[in-house]
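**Q** Quick one: structure below, then a few questions.
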Amino acid sequence: MRLLLTSDTHLPTRARKLPPPLLAALDQADVVLHAGDWTDMATLELFTARAHRLIAVHGNNDGPDLRARLPEIAHAELAGLRFTIVHDTGPARGREKRCTERFPATDVLVFGHSHIPWDTTTPDGLRLLNPGSPTDRRRQPYRTYMTARADNGELTDVTLHRIEAAAAR
């Protein structure tokens with residue numbers, strides 16, 4: 001199963017449109033996981049129309065219309081793995097311990113908010129993934145998103161994709 005992980009799309013405030021590499025990955029994915037901060041309903045509608053399956057949450061910058069459509073936390077079992085999607089996990093310091101305690105029945109936690117890519121595995125085996133942002137790099141050198149594969153209870157081929165400046169316009 002091909003997965004696309006993204007977050008913090010922030011349209012139209014941080015960018016006018018989604019970058020072509022992200023749209024191509026959206027079309028190729030079996031499941032899209034979006035960890036919130038859409039900021040406009042049109043982006044949610046675009047993902048809903050193009051994704052084979054969309055699992056998504058709202059973020060702190062999402063208004064009442066998006067909050068009415070999307071949960072704060074989403075759970076899904078995909079190819080034998082238990083996924084949780086949430087926008088904000090709090091500060092980086094203590095994140096692994098805090099998330100292990102908060103989500104004990106989760107194999108993979110996808111989150112956003114910071115725009116800082118993150119990929120770690122806790123001592124208890126919880127995989128924490130933040131794909132960054134495809135539209136707003138903030139203090140990062142690149143705009144980013146992630147892809148991965150889930151098969152038979154294993155997460156493989158986790159890849160952080162950089163979006164070059166020309167593709168982000």
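The values are calculated or read from the model by the stated rules, or taken from the named source; none is laboratory data. Since this is a predicted model, take the numbers as computed values, not measurements. Cβ placement follows ideal geometry from the backbone for every residue including glycine, while neighbour counts extend to all protein chains displayed.
**Q** Being touching a Gly at 6+ places or on another chain (Cβ under 9 Å) and either assigned to a loop (DSSP other than H, G, I, E, B) or at positive phi (or both) is the filter here; which residues of segment 48-88 pass it?
**A** The answer is Val57, His58, Gly59, Asn60, Asn61, Asp62, Leu70, Glu72, Ala79, Gly80, His87, Asp88.
**Q** When segment 143-169 is examined, which residues are found to be modelled with pLDDT under 95 and surrounded by fewer than 18 Cβ atoms within 10 Å (Cβ to Cβ)?
**A** Correct list: Glu164, Ala165, Ala166, Ala167, Arg169.
**Q** Out of segment 112-156, which residues are of a type outside the set (A, V, I, L, M, F, W, C) and either farther than 30 Å from Arg16 by Cα or touching a Cys at 6+ places or on another chain (Cβ under 8 Å) (or both)?
**A** Across segment 112-156, the qualifying residues are Thr120, Thr121, Thr122, Pro123, Asp124, Gly125, Arg127, Asp151, Asn152, Gly153, Glu154, Thr156.
**Q** For segment 20-38, which residues satisfy the criterion of being buried (at least 21 other Cβ atoms within 10 Å of the Cβ) and assigned to a loop (DSSP other than H, G, I, E, B)?
**A** Within segment 20-38, Ala29, Ala35, Gly36, Asp37, Trp38 qualify.
**Q** Residues Gly90, Gly63: which one is over 26 Å from Glu164 (Cβ atoms) and surrounded by fewer than 13 Cβ atoms within 10 Å (Cβ to Cβ)?
**A** Numbers: Gly90 fails: surrounded by fewer than 13 Cβ atoms within 10 Å (Cβ to Cβ).
Result of the check over Gly90, Gly63: Gly63.
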